[in-house]
Amino acid sequence: PADYQAMMDQSWAPTRLITAVRELHGNEVIKPLYDALGEQIHHNKNKADSYRDAIVKALEEVNLPAELVDVAFTDQYDEQMRASLDLALETVGGTDVGVPLISINGTAFFGPVISPSPAGEEAGKLFDGALALASYPGFFELKRPRNVGPIFHGEKGEA
């Protein structure tokens, strides 16, 4: 549908930003930036103007140069972005999956998509489950309908 395609087209800006920041500043800043973008986009529902405001605020939060916002709206790092996706798809062994992808001990698959995010012992139990699935050679898919939206701590998800 047109509205879904528009959302997908808009989503390239944060992806392009992450790619550029990885190229320019290394992997260690990606997790904090990813978290800051997620907070802005999902929790604060800051999606206007193709995520520009969310990107500006996330860059500020992780002390990265504000001018990086501009690279999010160019194709300057698209070659590296596509190479990263190609590597992920090669690792998982096909193109009939989406993102996120996870790789555990050489076995890759789509997911996990979990909301709310687990912490502590609960996170460890879920990872142990993923590890068990990854260790079984015949495992390839586990999915159920999404009947709630993302749940942020202290909120209720909506479908």
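How many residues are farther than 18 Å from Ala66 by Cβ, under 13 Å from the mean Cα position of the chain (by Cα) and either modelled with pLDDT of 95 or more or of a type outside the set (A, V, I, L, M, F, W, C) (or both) when one looks only at segment 6-18?
2
Within segment 16-49, can you find the residues that are surrounded by fewer than 18 Cβ atoms within 10 Å (Cβ to Cβ), under 25 Å from Phe152 (Cα atoms) and in contact (Cβ under 8 Å) with a residue 40 or more places away in the chain?
His42, His43
May I ask you to verify whether Gly120 is within 20 Å of the chain's Cα centre (by Cα) and surrounded by fewer than 14 Cβ atoms within 10 Å (Cβ to Cβ)?
no
Test of understanding: among Leu85, Leu64, Leu59, which residue is within 30 Å of His25 (Cα to Cα) and in a loop (DSSP other than H, G, I, E, B)?
Testing whether each residue is within 30 Å of His25 (Cα to Cα) and in a loop (DSSP other than H, G, I, E, B) leaves just Leu64.
Being among the small types (Gly, Ala, Ser), without any contact (Cβ under 8 Å) to a residue 24 or more places away in the chain, farther than 21 Å from Val21 by Cα and not assigned by TED's automatic domain parsing to the domain that holds Ser11 narrows it down to one residue among Ser135, Ser115, Ser103; which is it?
Ser103
Just one of the numbered conditions (1) in contact with a helix residue (DSSP H, G or I) (Cβ under 8 Å, 6 or more places away or on another chain); (2) assigned by TED's automatic domain parsing to the domain that holds Asp35 is not true of Glu67; which one?
Glu67 satisfies every listed condition except (1).
Residue by residue, here is whether (1) among the hydroxyl-bearing types (Ser, Thr, Tyr); (2) under 16 Å from Glu23 (Cα atoms); (3) at pLDDT 95 or above holds:
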{"position": "Asp49", "(1), (2), (3)": "no, no, no"}
{"position": "Asp53", "(1), (2), (3)": "no, no, no"}
{"position": "Glu60", "(1), (2), (3)": "no, no, yes"}
{"position": "Pro65", "(1), (2), (3)": "no, yes, yes"}
{"position": "Ser84", "(1), (2), (3)": "yes, yes, no"}
{"position": "Glu90", "(1), (2), (3)": "no, no, no"}
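Return the residues of segment 12-47 that are of a type in the set (Gly, Ala, Ser) and out of contact with any helix residue (DSSP H, G or I) (no Cβ under 8 Å at 6 or more places or on another chain); say none if nothing qualifies.
Gly26, Gly38
I'm trying to understand the selection: among the residues of segment 23-52, which are closer than 14 Å to Pro150 by Cα and in a helix (DSSP H, G or I)?
Gly38, Glu39, Gln40, Ile41, His42, His43
Condition first: of a type in the set (Lys, Arg) and within 30 Å of Phe139 (Cα to Cα). Can you find one or more residues in segment 120-127 that meet it? Quick ask: steps written out before the conclusion?
First pass over segment 120-127, keeping only residues of a type in the set (Lys, Arg): 125.
Still in the running and within 30 Å of Phe139 (Cα to Cα): 125.
Yes; the residues of segment 120-127 include at least one that is of a type in the set (Lys, Arg) and within 30 Å of Phe139 (Cα to Cα).
Among residues belonging to segment 130-153 that are surrounded by 12 or more Cβ atoms within 10 Å (Cβ to Cβ) and modelled with pLDDT of 80 or more, point out the one that is farthest from Asn105 (Cα to Cα).
Leu142
Is it true that Val97 is touching a Ser or Thr at 6+ places or on another chain (Cβ under 8 Å), modelled with pLDDT under 90 and of a type outside the set (D, E, K, R)?
no
The values are calculated or read from the model by the stated rules, or taken from the named source; none is laboratory data. Note that the coordinates shown come from a computational prediction; the quantities given were computed from them, not determined experimentally. Neighbour counts run over all protein chains shown; Cβ positions are idealised from the backbone, glycine included.
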